[in-house]
Amino acid sequence: SDEDYIVQKYVCNEMTWNRRKFDVRVFWLVASLDPLVVLYHDGYVRIGNSDYSETDFSNTVAHLTTHTKLGAEGKATFAEFEEALQELAIKQGKTSFPAGRKAVDHVRNQMKHSIAEMIEIFRHKSFVPDHRILPTDNSFSFYCADFILDNDLDVWFLEPQYGCGLDEDYYFRLEMHASLFNGMVDIFEEVWKKQEEGTEKLLPLKMGGNYEVVYADGLSYSYDGYERNQNKPGCTGKSRKHPEPEQQEKEEEEDD
C-alpha cells in the first residue's frame, strides 16, 4: 500500500467517567519560534455517549470520545476532572505524588512533560523558522492535545491537534475561551514588545495568565520523580508486565 498508517496500542484498565470512556483535551501555544517558546493551558473533558467495556468491541461507538457525525459527546470542566481524579486517588489509597498531594497536579505534570517531549522531538522538523515566509519575531500558533488516563493515574498521549474544536456549546467553554484568548493576547503583546525593543530577555513572561511555559529554547519541562507503573493489566484483567530485556531476548530466541 502507498498509504501510511499510525498504529497505537490499545490502553486497557482505563479510568472512566460514570462508566463511559473519556479523554482530556488541553491546549498549547507556540509564542515564539526564535527562540522556540511553548506554553501549556488546562482544557476540558470529552465524554463518550455509551457505557464502556474493555471486553466488548462490538459497539465501536463506546470506544470513542469524539462523535463527529455520530451524536454529541458529553463535556465536563477541568475542575470536575480534578474532583474525579482526587476521588479515584483516595479510593486507591494514593495520598501523595511526586508533585505533592493533589492528583490533578500529578496528571497535569505528565501532560506538560509529554507536550514538552513532543516539542523537543519535532522541533527541527515542525518548528523551524523560515525567514522566506514570515519574520520569526512575529510567528505564533495555537494547538491542542488529547490524553486518556488509566486507573493508575498514568497519562497516555493520544495525539496533538491543530483543529481544536472551539465550539461554545457549554457556558464553561465561554469562560475557558476567555482565559485562553485573553492570556494569549497578553503573551503575544509582551513577546512582540520585547523582541521589537531588544532590551529585555524574553523570559520570564510577566503576563502569562493561566499559561505555563513547558519549552523554552531547548529547555524542556520534566516531571521529576515520576516513575510509570510497568505492571499494567490487560483488557482481560490479566497482568501485562513488560519483560526485562534479558527475558525478552530469551522469549524471542524460543519463538525462533
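Points to keep in mind about this one:
- Set LEU158, LEU153: member being part of a loop (DSSP other than H, G, I, E, B) and not aromatic (Phe, Trp, Tyr): LEU153
- Top-ranked residue of segment 33-48 - restricted to ones that are of a type in the set (A, V, I, L, M, F, W, C) and over 18 Å from the mean Cα position of the chain (by Cα), ranked as modelled with the highest pLDDT: LEU36
- The listed residue being closer than 14 Å to VAL24 by Cβ and modelled with pLDDT under 95, out of LYS75, LYS102: LYS75
- Of all the numbered requirements in (1) touching a residue at least 24 places away in the same chain (Cβ under 8 Å); (2) open to solvent by 20 Å² or more (accessible area, probe 1.4 Å); (3) out of contact with any Leu (no Cβ under 8 Å at 6 or more places or on another chain); (4) farther than 30 Å from GLU87 by Cα, SER141 misses one, and that requirement is (3).
- Summed over segment 78-99, residues that are at pLDDT below 90 and of a type in the set (A, V, I, L, M, F, W, C) total 1.
Rundown of residues vs (1) modelled with pLDDT of 85 or more; (2) in a loop (DSSP other than H, G, I, E, B), yes/no style:
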position: TYR215; (1), (2): yes, no
position: TYR223; (1), (2): yes, yes
position: TYR226; (1), (2): yes, yes
position: ASN229; (1), (2): no, yes
position: GLU254; (1), (2): no, no
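- Verdict on PHE172 being of a type outside the set (D, E, K, R), in a helix (DSSP H, G or I) and either touching a strand residue (DSSP E or B) at 6+ places or on another chain (Cβ under 7 Å) or surrounded by 16 or more Cβ atoms within 10 Å (Cβ to Cβ) (or both): yes
- Cross-chain or 6+ apart pairs with Cβ under 6 Å, segment 77-100 first and more than 18 Å from ARG173 (Cα to Cα), then open to solvent by 30 Å² or more (accessible area, probe 1.4 Å): PRO98/GLY225; PRO98/TYR226; ALA99/ASP105
- Residue match in segment 208-225 (condition: within 19 Å of ILE119 (Cα to Cα), within 18 Å of the chain's Cα centre (by Cα) and among the polar types (S, T, N, Q)): yes
- Among the residues of segment 193-209, those identified as assigned to a helix (DSSP H, G or I) and out of contact with any strand residue (DSSP E or B) (no Cβ under 9 Å at 6 or more places or on another chain) are LYS193, LYS194, GLU196, GLU197.
- The listed residues are ASP56, ASP4, and the only one of them that is acidic (Asp, Glu), more than 18 Å from the chain's Cα centre (by Cα) and either at pLDDT 85 or above or closer than 24 Å to ARG173 by Cβ (or both) turns out to be ASP4.
- Test for LEU166: is it among the aliphatic types (A, V, I, L, M), within 16 Å of LEU33 (Cβ to Cβ) and open to solvent by 40 Å² or more (accessible area, probe 1.4 Å): no
The values are calculated or read from the model by the stated rules, or taken from the named source; none is laboratory data. Predicted model, so just to flag it, every value in this text is computed and none were measured. Every residue, glycine as well, gets a Cβ built from its backbone with ideal geometry; the counts of neighbours run over all protein chains shown. Heads up: the accessible areas ignore ligands, DNA and RNA and are worked out on the full protein's heavy atoms, side chains in. Shrake-Rupley method; radii C 1.70, N 1.55, O 1.52, S 1.80 Å.
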